[in-house]
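Shown next, in structure tokens, is the structure this report addresses.
The values are calculated or read from the model by the stated rules, or taken from the named source; none is laboratory data. Treat the numbers as computed from the prediction; the structure is a model and nothing was measured. In this analysis, Cβ positions are derived from the backbone assuming ideal geometry, glycine residues included, and neighbour counts consider all displayed protein chains.
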Ligand code: DMJ
């Protein structure tokens, strides 16, 4: 792709970010959530905890948006206060707010305001790990620092806070954060190797009870509540400069089982997908449903092969690596098809695959159930497109990303500012849903921006992006 076209497309993505920010700033500045159709916002606690502003902050920095940066930083300095008599979700607060503050601290060249806030927040979240098993409760009260049982925790939530807390320990020298989150992963590892725990060869059920420490469901999937467990196994290995080999081993173990138990192909056109398993004791009973959330996996798997280096700088791939590359590329092709198949060119939240061998050649490979027709401006497919472009250099990933961006522009952009989720991507005009989630600014637009950036912006050998798209630098552990 020529440089002029690349620069033009990247400018359009920056314009989109500024347009989204403009709507939020006018209607709901300082609120945690944004409802763009009603020009309103809502906060998780009175005064907000900076969810939108902090989630967007490092995208603003990468895009060099100086006015927006001053607005965001000034709000953090003058208004951000975590002393709230309110319980918050530990996972969401960690990946969006703690992760956002830590990335901003690094990218700003160590502006102390971000680290002070991160330490304050980390200390308030830490009691969530005082559960008996060490598996965190899903919620914690920010002001009192107390946690209580909110029922079973999602496995992905309990195991997707580690990069943030480990980096906080690295920066402060205080190992209490590190030890709390490492204990969760050690516990998971023990469960994976315990007969009768519900785990299946490295695959884990999607709920876990923080009090007993046992799995609390039989379902296994790489979509909601399961997804980022697998993402962080790999990223924990990369984050500490490949020193913690055990994470790579755990990741490889799980990925082999994904290939063995969950990879399926649709009929009649052979689209690869990752099926769900309703009960690990019956591993052949596949449920042919896939959440858009699973689309993170394609890019992640290729990142696992190259560990951040471009593919063409590696020795020739061995058989296992070739299989992984095939998985990453084919799954991403399916995810792109989830966009191409709809009237709007935007993916639905969930698709069901045709698993009937006797299908005719004109039968559809995928179908969308009425309740799953919405699109929340989610990032997972463009995240994989960014990673695949960086790692393979194949220009088609930029073209696919641009087509998705144009569909967002056409159907989700609001005239006065902001973008809006859709209730139904299968009809034109699509009915709108009154929300612009923070991950649209933190991830979707950031990944699209990075897709059209030179490779030395967030080089993947030096940075690992947390599950919310916040780049954290690779470091060598001081105390381990
Ligand atoms: C993000 O908040 C994170 O990526 C999380 O891991 C799951 N997905 C949402 C956005 O879709």
Residues (in contact (Cβ under 8 Å) with a residue 24 or more places away in the chain, surrounded by fewer than 19 Cβ atoms within 10 Å (Cβ to Cβ) and out of contact with any strand residue (DSSP E or B) (no Cβ under 8 Å at 6 or more places or on another chain)) located in the stretch 193-212: 201, 211, 212
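Test residue 334 against the criterion of being away from the ligand (no atom under 16 Å from the Cβ), surrounded by 21 or more Cβ atoms within 10 Å (Cβ to Cβ), at negative phi and assigned to a loop (DSSP other than H, G, I, E, B), and give yes or no.
Details: away from the ligand (no atom under 16 Å from the Cβ): yes; surrounded by 21 or more Cβ atoms within 10 Å (Cβ to Cβ): yes; at negative phi: yes; assigned to a loop (DSSP other than H, G, I, E, B): no.
So residue 334 does not fit the description; no.
Being in contact with a helix residue (DSSP H, G or I) (Cβ under 9 Å, 6 or more places away or on another chain) and away from the ligand (no atom under 14 Å from the Cβ) narrows it down to one of 411, 419, 447, so name that one.
Numbers: 411 fails: in contact with a helix residue (DSSP H, G or I) (Cβ under 9 Å, 6 or more places away or on another chain); 447 fails: away from the ligand (no atom under 14 Å from the Cβ).
Every option except 419 fails the conditions.
Test residue 324 against the stated conditions and say whether it is touching a helix residue (DSSP H, G or I) at 6+ places or on another chain (Cβ under 6 Å), more than 16 Å from the ligand (Cβ to nearest atom) and in contact (Cβ under 8 Å) with a residue 60 or more places away in the chain. Steps first, answer last, please.
Numbers: touching a helix residue (DSSP H, G or I) at 6+ places or on another chain (Cβ under 6 Å): yes; more than 16 Å from the ligand (Cβ to nearest atom): yes; in contact (Cβ under 8 Å) with a residue 60 or more places away in the chain: yes.
Yes.
Do we have residue 242 as in a helix (DSSP H, G or I) and at pLDDT 95 or above here?
no
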Sole miss for residue 348 among (1) in a loop (DSSP other than H, G, I, E, B); (2) in contact with a strand residue (DSSP E or B) (Cβ under 9 Å, 6 or more places away or on another chain); (3) away from the ligand (no atom under 16 Å from the Cβ) is condition (3)
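To keep it simple, each residue is scored yes or no on (1) surrounded by 13 or more Cβ atoms within 10 Å (Cβ to Cβ); (2) on the phi > 0 side of the Ramachandran plot.
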| site | (1), (2) |
| --- | --- |
| 2 | no, no |
| 10 | yes, no |
| 13 | yes, no |
| 18 | yes, no |
| 21 | yes, no |
| 24 | yes, no |
| 27 | yes, no |
| 30 | yes, yes |
| 35 | yes, no |
Scan of the stretch 282-299 for residues that are in contact (Cβ under 8 Å) with a residue 24 or more places away in the chain, more than 13 Å from the chain's Cα centre (by Cα) and not in a strand (DSSP E or B), ordered by number: 283, 288
For the stretch 445-467, how many residues are under 21 Å from residue 10 (Cα atoms) and out of contact with any strand residue (DSSP E or B) (no Cβ under 8 Å at 6 or more places or on another chain)? 15
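To keep it simple, each residue is scored yes or no on (1) surrounded by fewer than 20 Cβ atoms within 10 Å (Cβ to Cβ); (2) more than 17 Å from residue 309 (Cα to Cα).
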residue: 367; (1), (2): yes, yes
residue: 371; (1), (2): yes, yes
residue: 380; (1), (2): no, yes
residue: 385; (1), (2): no, no
residue: 390; (1), (2): no, no
residue: 404; (1), (2): no, yes
residue: 410; (1), (2): yes, yes
In the stretch 125-140, which residues are crowded, with 24+ Cβ neighbours inside 10 Å and in a helix (DSSP H, G or I)? 125, 128, 129
Looking at (1) in a helix (DSSP H, G or I); (2) in contact (Cβ under 8 Å) with a residue 60 or more places away in the chain; (3) more than 26 Å from residue 368 (Cα to Cα); (4) away from the ligand (no atom under 16 Å from the Cβ), which is the one condition that is false for residue 254? (2)
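Condition check ((1) within 26 Å of residue 15 (Cβ to Cβ); (2) surrounded by 18 or more Cβ atoms within 10 Å (Cβ to Cβ)) across all residues:
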position	(1), (2)
59	yes, yes
74	yes, no
90	no, yes
97	no, yes
102	no, yes
111	no, no
Name the residue, out of 224, 212, that is at pLDDT 95 or above and more than 16 Å from the ligand (Cβ to nearest atom). 212
If residue 286 satisfies every condition in (1) modelled with pLDDT of 95 or more; (2) more than 16 Å from the ligand (Cβ to nearest atom); (3) in contact with a helix residue (DSSP H, G or I) (Cβ under 9 Å, 6 or more places away or on another chain) but one, which is the exception? (1)
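Look at the stretch 422-440 and say how many of its residues are more than 16 Å from the ligand (Cβ to nearest atom) and buried (at least 19 other Cβ atoms within 10 Å of the Cβ).
If we filter the stretch 422-440 for residues that are more than 16 Å from the ligand (Cβ to nearest atom), which is where we start, we get 423-424, 426-432, 434.
Checking the rest, the ones that are also buried (at least 19 other Cβ atoms within 10 Å of the Cβ) come to 424, 430.
The total comes to 2.
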